[in-house]
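Visitor: First, the structure itself, so that you have it in front of you.
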């Protein structure tokens, strides 16, 4: 099931970030959750294939987004995810994706998707969370593996950060039940 949550202008939000100052420190703020930026994300759950999982990304405490829901294997389901569209070429030259998160002990995945299409090959990299503890996750771009509907497609080139048009968060791997992941920010480094 695909649900739009008020897709506003992410380009305007990213344009307000002073990139030059951040690049000097080695990282660039890709997404934070001040203001209404949590409303830019949209839901893509296993309902697209008949499943029963549910999820949302909402604003939590000031400056914090919450990705939460329930993962179900009912009716051949098994994934819950949210995505946001990115400014064109914003990740060009990126070598790491960094997130500051507080989780529930489950394993999550960051997904990078070329272009703006809803379907097709995506690239994922998983990370573990520690229940109730804030952690900074570092995912090398080289660790993102291609996937298409749960399978690894053959002869697919590595992800090209310059082509990435969407970033997502996903819960899968038969981790049935409720889940809760808080996100403070998402950065990248070149």
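No value in this document is a laboratory result; all are computed from the given coordinates. Being a predicted model, the structure only gives us computed values, none of them experimental. Please note: Cβ atoms are built from the backbone with ideal geometry, for glycine as well, and neighbour counts cover all protein chains shown.
Visitor: Given 0.36 nm per residue, what is the gain on full extension from residue 100 to residue 128 after removing their alpha carbon distance, in nm?
Guide: Working: separation 28, 0.36 × 28 = 10.08 nm, distance 1.22 nm.
Taking 0.36 nm per residue and subtracting the Cα distance, the gain is 8.9 nm.
Visitor: Return the label of the correct value of percent of Cα pairs over 28 Å apart, as calculated from the structure shown, out of [x] 19; [y] 45; [z] 24.
Guide: Identified label for the calculated read-out: [x].
Visitor: Turning to a different aspect of this structure: Taking only C-alpha pairs under 8 Å that are 6+ residues apart, what is the relative contact order of the chain in percent?
Guide: Computed over the chain, the figure is 28 percent.
Visitor: Sticking with this structure for a sec: Please work out how much length the chain gains when fully extended from residue 178 to residue 142, using 0.36 nm per residue of separation minus the C-alpha to C-alpha distance, in nm with one decimal.
Guide: Details: separation 36, 0.36 × 36 = 12.96 nm, distance 3.04 nm.
Stretched out fully, the residue 178 to residue 142 stretch lengthens by 9.9 nm.
Visitor: Return P(r) of the stretch 123-190 (all Cα-Cα pairs; 5 Å bins starting at 0; whole %; ordered from short to long distances).
Guide: Histogramming the stretch 123-190 at 5 Å steps yields 3, 10, 23, 24, 20, 13, 6, 1 percent.
Visitor: Next up: GNM, the chain, Cα, under 10 Å: largest mean-square fluctuation among 126, 155, 143?
Guide: Residue with maximal mean-square fluctuation among 126, 155, 143: 155.
Visitor: Also, I was wondering about something else. Quick check: residue separation of residue 156 and residue 49 times 0.36 nm, minus the Cα distance between them. What number comes out in nm?
Guide: On the way: separation 107, 0.36 × 107 = 38.52 nm, distance 2.40 nm.
Stretched out fully, the residue 156 to residue 49 stretch lengthens by 36.1 nm.
Visitor: If a/c stays under 1.5 just call it rounded; otherwise compare a/b with b/c (prolate if a/b is bigger, oblate if not). Do that for the stretch 69-119, with a ≥ b ≥ c from the square roots of the Cα gyration tensor eigenvalues.
Guide: Taking the square roots of the gyration eigenvalues as a ≥ b ≥ c, the stretch 69-119 is oblate.
Visitor: List 151, 108 from most exposed to least, where exposure is judged by having the fewest other Cβ atoms within 10 Å.
Guide: If I rank by nearby Cβ atoms, fewest first, I get 151, 108.
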